[in-house]
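Written below as structure tokens is the structure these notes are about.
The values are calculated or read from the model by the stated rules, or taken from the named source; none is laboratory data. If you're wondering where the values come from, they're calculated on a predicted model, not measured in any experiment. Cβ placement follows ideal geometry from the backbone for every residue including glycine, while neighbour counts extend to all protein chains displayed.
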Amino acid sequence: MTQTLFFLLGMAVVMVIIAGAGIFWAIKNGQFDDMEGPAQRILMDDDDPRIPRYADSKLKK
Amino acid sequence: MSSTEKTCYHCALPVPPGAHYLVDIDSEPREMCCRGCQAVAQTIVDNGLADYYRHRTAMPAVGQEVVPEEVQKLALYDHPGIQKSFVRQEGEHVREASLILEGITCAACIWLNERHLKQLPGILQVQVNYATHRARITWDDQAIHLSKILEEIQLLGYNAHPFNAERQESLRRQRKAKDLRRIAIAGLSAGQVMMLAVALYAGAAFGIEASTAALLRWASLILTLPVVFYAALPFYYSAWNALLGRRLNMDVPVTLAIVGAFVGSVWSTSHGSGVVYYDAITMFSLFLLSSRFLEHSAQEKSVEATENLLKLAPAMAVRVENGQHLPVPVMELNEGDAILSKPGEAIAADAEVIEGESAVDEALLTGESRPVPKRVGARVIAGSINLEGPLLLRVTSVGENTVLAGIVRLLDRAVAEKPRLAQLADRVAGHFTVGLLVLAAVVGAAWWWQEPGRAFETVLAMLVVTCPCALSLAAPAAFAAAGSHLLRHGILLTRGHALETMAKVSHVVFDKTGTLTYGKPVLRRIVTLAELDEQRCLALAASLEQASEHPLAQSFLSRIAHSELAPVQDARNLPGKGVSGAIAGLRYSLGSSAMSGLPSAELPSDLPEGATLVWLCDAQHALAVFVISDGLRPQARELVEQFKAAGVRVTMLSGDAVDAVSHIATEAGIESWHAAQRPEDKLAKLREFQQRGDVVAMVGDGVNDAPVLAGADVSIAMGSGTQVARASSDIVLLSENLLDIQRALQTGHASMAVMRQNLAWAIVYNLLALPFAAAGMIPPWLASIGMSVSSLVVVLNAMRLR
């Protein structure tokens, strides 16, 4: 019983350290800099320009 | 203005009759209100970005045509001397800069800018921050120049200004990252410790082996360590600083409670008896850290928005050399240079007036916003704002930082001021802290005398349960929530007291031009009086207006392409009358009827009331009459009705003539109005209202409104207004939507109500909990729950404002 508890508590501490490291990494990478933009950006279709201007001009050459 | 009027597909302003600017969008011709909007829409469509129109949720500002002069000005940004202050060198040719984007109204605007810039060759990276409207752009200087990037942004109908990110922003980012790390630590620990605490509480209720309980306690101790030794550090610093300054602040009892609870818990854990408070410590730290973080970020948002408004760097000046006007960077100015200062703009350097007469606002220096008259020979200071007429100046000394220093001072004011009620709460909390510490000592002594074993526990419970954090959070939480709610709707609070005063307003005073109306005269009709057709007359008039600074000039120029403008010889500006000049050898004049010398009897009778008539004449007779009028903003009438229904008096003060003012007043439904008011008359009227006991809110936009805005109890400036108006006002309507004034008023009322509830709750809770804690009747777990719940109630109540 106590051994299981030891193991579980140890796991909890390890998990906290991993999660903490993850959050620190995210903060350092600026993932919390803009809290509203990404939610809005996902709604825009980015990957299909109707008239790819520069691709077009390259074709003509 | 009727509702059936056509509106511009791009900016939703009414399309003036007779205008014909079409752009095919999604294979359908759409009508635009002016050439500027047409140009912007065409750019958007040509770049395959028409999706913007489908995704946008708010209307952009009116489109502007990119004029050659502006482009020439932009070229200055390529100057290495200017770039030094805001461009970072990333590699040999790779540069990075931060830009403030003006005119962003919704997420689609950001998409539009990012997408368009990314298509340009030479752009390496573009990222626009939705919250701050700032863009970070990396480019290859061999392939593209900064001026080109700025020009492309202008083509889309936005304005971009470089700004110096190094200074405040990196500091702010560092602090934010630090705060987030502390919150993350506190949150992770609190979660784990709470879980173990549940086991301990359950064990206390249903029985638990002593060894298991000891193990759980040791585990909690380890998980609490990072909170006590890292996350809670700011509280210790703040308390220590306060004690050094012989003051008591909220953080003193907070620190006492955390340190005391931790020391007590460690003692209990190592002795295997007594109570532990690890769950209370971690929860408490988490709540306090997060609420302070929220408060901070709301404050910083408004600082950032204010900075965006007050952008000035890099400052430009107009140097006069041999009669030619050259825009130059301020840092290139030398002593003895002649510079031109236009009304409404900040003066670039300390200088002496050599020509012209005007008044300047030296509020940056004196803190008092009032016009100071300047004549030839008078000295003007860098950063002061020219109010009335153009001045020719001789530079006496150059200091590149003077202007910026002034701006920083303005900003400090915005941040430093706390609302009066919040100050009151701080003071009350201070007294409360003193009382609490004294009481805790007395109670501790009493328990020590009666029952020494329970003294420590009781004092600790008292400190924890009565922690004044609910009291200290009551006001800031409400203001932060209200502020961010308003900012999301485009209302920026620049001074702390704004909301509080807004709640008391009983009289709203409006300026007319630019506030109730668009402030942009629109050419509504052309009546031809001779053989020349409308288009030809328009081309002549626009050509004559090219050189004019008069606000009416823009209404002609926006209707015609630059290619159609004819060169004008011998252009003359006759102040108060009009302009004249020779085109293709023939002499024309454009101006008021007084200039034409003709009777107005020949005109058709159905001209709109209150409109301005401009006559185009050649040497012999009148060729055409242009009917120009300024439209009422569509929300003006509704706003006035709402105010009347709420029992708020409404008055309009305008510098314009009686005819135009009475016309607009009837249209907006305002009964009380005064025309032909000079700024000092407006101020006198305002004082009169105030003496009658009214709390006056002033809404204005112009340079002439600045002293009046400063004199009102609370002042509101339109976002498009001049810099002076925005700087001297308490609230800035970035949204340009008049109904937002009503929203600000309502939010003011709501936040005062919430704040009162919060204060009442915090005081009642503390007064109720204190005697029980002192009597030793509150067990530790209840103390920590009570503390957390009392703060949570305050924060959640404030969140209702969002």
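May I ask you to verify whether B:S629 is surrounded by fewer than 20 Cβ atoms within 10 Å (Cβ to Cβ) and either of a type in the set (S, T, Y) or modelled with pLDDT of 75 or more (or both)? When the stated conditions are applied, B:S629 does not pass them. Taking the listed residues B:N737, B:N758, B:N766, the one that is outside any helix (DSSP H, G or I) and among the polar types (S, T, N, Q) is B:N737, with no other qualifying. For segment B:214-248, the set of residues classified as aliphatic (A, V, I, L, M) and either more than 14 Å from chain A (Cβ to nearest Cβ) or part of a loop (DSSP other than H, G, I, E, B) (or both) consists of B:V228, B:A232, B:L233, B:A239, B:A242, B:L243, B:L244, B:L248, listed by residue number. Determine whether B:A177 is surrounded by 14 or more Cβ atoms within 10 Å (Cβ to Cβ) and either of a type in the set (K, R) or in a helix (DSSP H, G or I) (or both). Judged against the criteria, B:A177 is a match. Among the residues that make up segment B:150-170, is at least one of them at positive phi, in contact (Cβ under 8 Å) with a residue 24 or more places away in the chain and more than 13 Å from chain A (Cβ to nearest Cβ)? Yes, some residue in segment B:150-170 is at positive phi, in contact (Cβ under 8 Å) with a residue 24 or more places away in the chain and more than 13 Å from chain A (Cβ to nearest Cβ).
Every condition in (1) surrounded by 14 or more Cβ atoms within 10 Å (Cβ to Cβ); (2) touching a helix residue (DSSP H, G or I) at 6+ places or on another chain (Cβ under 9 Å); (3) in a helix (DSSP H, G or I) holds for B:S211 except the one numbered (1). Every test in (1) more than 27 Å from the chain's Cα centre (by Cα); (2) modelled with pLDDT of 80 or more is passed by B:S791 save one, and that test is (2). With the requirement that a residue be touching a Phe, Trp or Tyr at 6+ places or on another chain (Cβ under 6 Å), away from chain A (no Cβ under 12 Å) and not in a strand (DSSP E or B), what does segment B:93-116 give you? Within segment B:93-116, B:G103 is the sole residue that qualifies. Scanning segment B:517-532 turns up no residue that is in contact with a Gly (Cβ under 6 Å, 6 or more places away or on another chain), in a helix (DSSP H, G or I) and either within 29 Å of B:G631 (Cα to Cα) or of a type outside the set (S, T, Y) (or both). For chain A, the helices (runs of 4 or more DSSP H) that sit wholly inside it and include 1 or more residues that are modelled with pLDDT under 75 and facing chain B (nearest Cβ under 8 Å) are A:37-41, A:53-60. Quick one: which of B:A539, B:A482 is at pLDDT 75 or above, surrounded by fewer than 24 Cβ atoms within 10 Å (Cβ to Cβ) and in contact with a helix residue (DSSP H, G or I) (Cβ under 7 Å, 6 or more places away or on another chain)? Step by step, each of B:A539, B:A482 is checked, and only B:A539 is at pLDDT 75 or above, surrounded by fewer than 24 Cβ atoms within 10 Å (Cβ to Cβ) and in contact with a helix residue (DSSP H, G or I) (Cβ under 7 Å, 6 or more places away or on another chain). B:V252 falls short of the stated requirement of being touching a Pro at 6+ places or on another chain (Cβ under 6 Å) and either more than 14 Å from chain A (Cβ to nearest Cβ) or assigned to a helix (DSSP H, G or I) (or both). Using the structure shown, decide if B:R172 is at pLDDT below 85, surrounded by fewer than 22 Cβ atoms within 10 Å (Cβ to Cβ), in a helix (DSSP H, G or I) and charged (D, E, K, R). Yes, satisfied. B:Y230 meets the conditions (1) more than 20 Å from B:V266 (Cα to Cα); (2) free of Cβ contacts under 8 Å to residues at least 60 places away in the same chain in every case but one. The failed one is (1). Comparison of B:Q119, B:Q127 shows that the only residue that is within 11 Å of chain A (Cβ to nearest Cβ) and over 17 Å from B:N47 (Cα atoms) is B:Q127.
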